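What follows draws every value from the coordinates through simple rules; no lab data is involved. Being a predicted model, the structure only gives us computed values, none of them experimental. Here the Cβ is made from the backbone with ideal geometry for all residues, glycine too, and neighbour counts use every protein chain on show.
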Ligand code: KE4
């Protein structure tokens, strides 16, 4: 059954709001930026999810990126079930953790050693601590609109001038933390050069999403990532690629292989964790061995390298390596994006669609959208209407404009044509997007 009444989701949301902050366990799930009632999901299979009222949706949010295999891929479920039956956590080393680390290292030649964590936030937090220890410097450069998890010193908004230190972007973040962070415009080589000229000997690291996904999809322009590699080398800072989204998204590799740039540290999560609470941080032996118990940088976790999550991650990565679904993912994504563009021009809707590999974002704006300032110019109200109209057609996009849509191996040609027909109906009948 496609989308219909949502009585059960409404009841569950009311009940949830009494015990869970905002009724959710992560803010973006609350539909705040698109309005309406969040759907409570009851199950997922392949490219579909079903909500508590039995409505079925083609899912392009895919748990914010991890589910490149689609929901509940049998091989992955079997691996997790088998592992769980042998014990769900030991807090003692297991062989499978080594196997997973060796497999990730095959895909990321720039990684000599890893540490598994439970979330992307933990991986990023550890990367910053490592960079500061390795360089004995405090400042971090990030890019406006990028999100690297909720570690204090990255919850920062850009300073007033291009190269002024940041100010807190969340309550509870001490000004002192924010003032060690510079938030610069993505794709802007000049401002990064100026920041290094001004603060070069204080900058411990630059952290970047090699293809941005958290301001909506924004692709790196030619020379941008290369300039970060050159500047960090010149000033003795580290380059951190946050590949939590992009790791294994475009190939059995990272975006670093696609762009031919080797960062000093790489953060992984989402796909790398098979959709389980597993993330990772990797880099050269020299830097990684600064981590306890080898070195002075403390980091730890009760459930880090958890056997169930590790088994799911291993099953996921082995399937990706064996099946090499990436050409098909790219083609199918292109089919969708071309179809959207055709429909929007037919309905005279001004929209800019940024895509890379099997991720994309529809912005209701002229474009080009090359950084956070240009992304913020899009009409988020139109996106909210578009989102809900698609929801009513049984198509689930991310419930927030500044996020990415993802495709999985499980999305069929039928899913794609159904989605394009839904967009045609939504664009034409509503025409509220002009
Ligand atoms: P987690 O702590 O959520 O596992 O990872 C943080 C993180 C780090 N780096 C990048 C590039 C990320 O995109 C993320 C988390 N992504 C968001 C959505 N884009 C997760 C969704 C949520 O917060 O609920």
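So the values come out like this:
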{"item": "Taking segment 74-323 and dividing mean pair separation by its residue count, relative contact order in percent (alpha carbons under 8 Å, at least six apart)", "result": "29"}
{"item": "Extension gain from residue 112 to residue 338, taking 0.36 nm per residue of separation minus the Cα-Cα distance", "result": "77.4 nm"}
{"item": "Equivalent ellipsoid semi-axes, segment 315-434, via Cα gyration tensor eigenvalues times 5, rooted, Å", "result": "25, 17, 12"}
{"item": "Bridge type composition, the chain - antiparallel percent by DSSP, nearest 5", "result": "60"}
{"item": "Rounded to 5, percent antiparallel among DSSP beta bridges of segment 74-323", "result": "40"}
{"item": "The chain, relative contact order [Cα under 8 Å, separation at least 6], %", "result": "22"}
{"item": "Most mobile of 40, 241, 252 in a GNM of the chain (Cα contacts under 10 Å)", "result": "40"}
{"item": "CD proxy at 222 nm, helix term only [per DSSP H run n ≥ 4: -39500 (n - 2.57); per residue of the chain; nearest 500]", "result": "-11000 deg cm²/dmol"}
{"item": "Cubic angstrom per residue, convex hull over Cα atoms of the chain", "result": "141"}
{"item": "For segment 74-323, diffusion coefficient by Stokes-Einstein and Kirkwood Rh (Cα), 4 °C, 1.567 mPa s, µm²/s", "result": "71"}
{"item": "Length gained when the stretch residue 20-residue 298 is fully extended (0.36 nm per residue, less Cα-Cα span)", "result": "96.9 nm"}
{"item": "Gaussian network model of the chain, springs between alpha carbon atoms under 10 Å - residue of 369, 98, 287 with greatest fluctuation", "result": "98"}
{"item": "Span per principal axis, largest first, for the Cα atoms of segment 1-49 (Å)", "result": "29, 20, 20"}
{"item": "Ordering of 10-17, 299-306, 243-250 by burial proxy (mean other Cβ atoms within 10 Å per residue, highest first)", "result": "243-250, 299-306, 10-17"}
{"item": "Choice from 25, 201, 188 with maximal GNM fluctuation in the chain (Cα, 10 Å cutoff)", "result": "25"}
{"item": "Shape call, segment 170-239: gyration tensor on alpha carbons, a/c limit 1.5", "result": "oblate"}
{"item": "Shape category assigned to segment 252-399 from the gyration tensor of Cα positions, a/c cut at 1.5", "result": "prolate"}
{"item": "Residue 198 paired with residue 321, simple spin-label distance in nm, labels 7 Å along Cα-to-beta-carbon", "result": "4.6"}
